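Enquirer: Got a structure here, written out as C-alpha cells. Questions coming.
The values are calculated or read from the model by the stated rules, or taken from the named source; none is laboratory data. As the structure is a computational prediction, the values presented were derived from the model and not from experiment. Every residue, glycine as well, gets a Cβ built from its backbone with ideal geometry; the counts of neighbours run over all protein chains shown.
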Amino acid sequence: MERVLITGAAGFLGSHLCDKFLNEGFKVIGMDNFITGSSKNIAHILAHPNFEFIEHDVTEYIAIDGKLDYILHFASPASPIDYLRIPIQTLKVGSLGTHNVLGLAKAKKARVLIASTSEVYGDPLVHPQTEAYYGNVNPIGPRGVYDEAKRFQEAMTMAYHNFHGIETRIVRIFNTYGPRMRLNDGRVIPAFMGQILRGEDLTVFGDGSQTRSFCYIDDQIDGIFKLLFSDYHLPVNIGNPEEISILDFAKEIIALTGGQSTIIFKELPVNDPLQRCPDITKAQTILGWKPKVDRKTGMKRTFDYFKSLSEQELYETQHKNFDKYIKK
Ligand code: NAD
Ligand code: UDP
C-alpha cells in the first residue's frame, strides 16, 4: 500500500483529503497542531485501520518512520481573520514548515504537492487570472503575511524541484467552500451562513462590488488528486470560474436559505482583492478537470452542515486554540 502524509489534516481541506486518500486505498498519516483546525473533522477516521494521526507543528523538524510515497502540504491558516491574528505562525508555516516538508520529501524520495493560493496574484490587474500572471501583492499590507509566505513557498518548492530533482506539484487554490469549514473563521460563506442562522444582518464589506468565484470542496479535492498524479510540475489553478459579486452573493444566500436577514455594509478590509476568477484552461487541458458542482447545490449542502452544528458552535466567536498558541 502506498503511504501519504497530509499536513493540516484537521483542517477543512486536509480532512477531506484524508477521506479521499483513505477511500482510494492509501495508508494516510494526518499531521496537525490544531491551531485553526479541529479534532472533530477527523473524529470519524481516527479508528480507521489505515489512518494514523500525529499532533505536530510542522515548523519544527518532521520525523516520520518508514517509507513515504506522497506528501500533501496543507498546513496553514487560510482565512484572513486567522492569519491576521496569527501573522508570525502564518509566515513560519509557509516558509519553515514548507522547508521541513520539502526536506522530508527529499529524504524519503516522496512526491510532494504544495497548497498554494489565488492570493499569490494579490489584488490582480489581470482578469481572469492565468498561471502566467506574476501578481500584484503588497508585501507589507495585512495580507502580506499570507501572500508572501505562499509566494516563498512556491519559490522554495521550485528550487527543490530544480536543484534536488524532487517531484513537486503546486496547486493554486481559489476560494473553496463546503462542510467542515469553521463557522467562525470569518470567510464569507461561513460568515453569511452563521449570520442567517443567528438571525443577524449580513455584513457586506465595501459596496459588495468585489468579486469571488466559489469552488465546492468535492471538485477541489478531485482537482488536487488529479494534479498529484499528473506529470506536471508547474503551478495549476484549481477553482470554479463562475464569478459573482459579494453583494449579489449575499442576496443569493438569503434567497437560497429562506433567511429573513437584511444586508448591512461595513468597511472594506485593506488590500481586499477587488476581483478574483481563475482561468482554468490549464487544469482542463492537462488534468481533464473542471468543476461539476453548481453553486446552488454546493451551498445547500454547506448550509445543511452549518444547520447541524450545536447552539454552542453557532455562538463561538473565537477558535478554542488561539489563546494557547498566541501566548506561545
Ligand atoms: P484550515 O484552517 O481549515 O486548515 C489548515 C490546517 O492547518 C488546520 O487544521 C491547522 O490547525 C493546521 N496548521 C496550521 N499551522 C500548522 C502548523 N504549523 N503545524 C501543523 N498544522 C498546522 O484551512 P483550509 O481552508 O483547510 O486551508 C488548507 C490549505 O489550503 C492552506 O494551506 C491554505 O492556504 C490553502 N488554501 C485554502 C483555500 C480555501 O479556500 N479553503 C484557498 C486557497 C488556499
Ligand atoms: N466579506 C464580506 N463580509 C464578510 C466576510 C467577507 O463582504 O462578513 C468579503 C471580503 O471582504 C471579500 C470576500 O467577502 O471581499 C471574500 O472574503 P473571504 O474572507 O471569504 O476570502 P478572501 O477571498 O478575501 O480571501
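Enquirer: Can you pull out every residue in the stretch 276-296 that is surrounded by fewer than 18 Cβ atoms within 10 Å (Cβ to Cβ) and closer than 24 Å to residue 208 by Cβ?
Expert: 294, 296
Enquirer: Which residues, taken from the stretch 80-95, are β-branched (Val, Ile, Thr) and more than 26 Å from residue 158 (Cβ to Cβ)?
Expert: Hits for the stretch 80-95 are 81, 86.
Enquirer: Ok, one more. Condition test on residue 175, is it within 15 Å of ligand 1 (Cβ to nearest atom), in contact with an Asp or Glu (Cβ under 8 Å, 6 or more places away or on another chain), touching a residue at least 12 places away in the same chain (Cβ under 8 Å) and of a type in the set (S, T, N, Q)?
Expert: no
Enquirer: Regarding the stretch 222-240, can at least one residue be identified that is surrounded by 19 or more Cβ atoms within 10 Å (Cβ to Cβ), within 24 Å of residue 255 (Cβ to Cβ) and modelled with pLDDT of 95 or more?
Expert: Yes: one or more hits.
Enquirer: Search the stretch 178-198 for residues being near ligand 2 (Cβ under 8 Å from one of its atoms) and farther than 20 Å from residue 218 by Cβ, and hand back the single one that is surrounded by the most Cβ atoms within 10 Å (Cβ to Cβ).
Expert: 192
Enquirer: Among the residues that make up the stretch 113-128, is at least one of them more than 30 Å from residue 274 (Cα to Cα), modelled with pLDDT of 95 or more and either among the aromatic types (Phe, Trp, Tyr) or in a helix (DSSP H, G or I) (or both)?
Expert: No - not one qualifying residue is present in the stretch 113-128.
Enquirer: Further question on the same structure: Given 22, 96, 72, which one is at pLDDT 95 or above and surrounded by 21 or more Cβ atoms within 10 Å (Cβ to Cβ)?
Expert: None of the other options fit; the residue is 72.
Enquirer: So is residue 210 surrounded by 18 or more Cβ atoms within 10 Å (Cβ to Cβ) and over 18 Å from the mean Cα position of the chain (by Cα) or not?
Expert: Numbers: surrounded by 18 or more Cβ atoms within 10 Å (Cβ to Cβ): yes; over 18 Å from the mean Cα position of the chain (by Cα): yes.
For residue 210, the condition - surrounded by 18 or more Cβ atoms within 10 Å (Cβ to Cβ) and over 18 Å from the mean Cα position of the chain (by Cα) - is met.
Enquirer: Of everything in the stretch 258-275, what is surrounded by fewer than 14 Cβ atoms within 10 Å (Cβ to Cβ) and either among the acidic types (Asp, Glu) or not in a loop (DSSP other than H, G, I, E, B) (or both)? Give them in sequence order.
Expert: Those that are surrounded by fewer than 14 Cβ atoms within 10 Å (Cβ to Cβ) and either among the acidic types (Asp, Glu) or not in a loop (DSSP other than H, G, I, E, B) (or both): 264, 266, 267.
Enquirer: Filter the stretch 134-172 for residues that are more than 24 Å from residue 222 (Cα to Cα) and hydroxyl-bearing (Ser, Thr, Tyr); which is surrounded by the most Cβ atoms within 10 Å (Cβ to Cβ)?
Expert: 146
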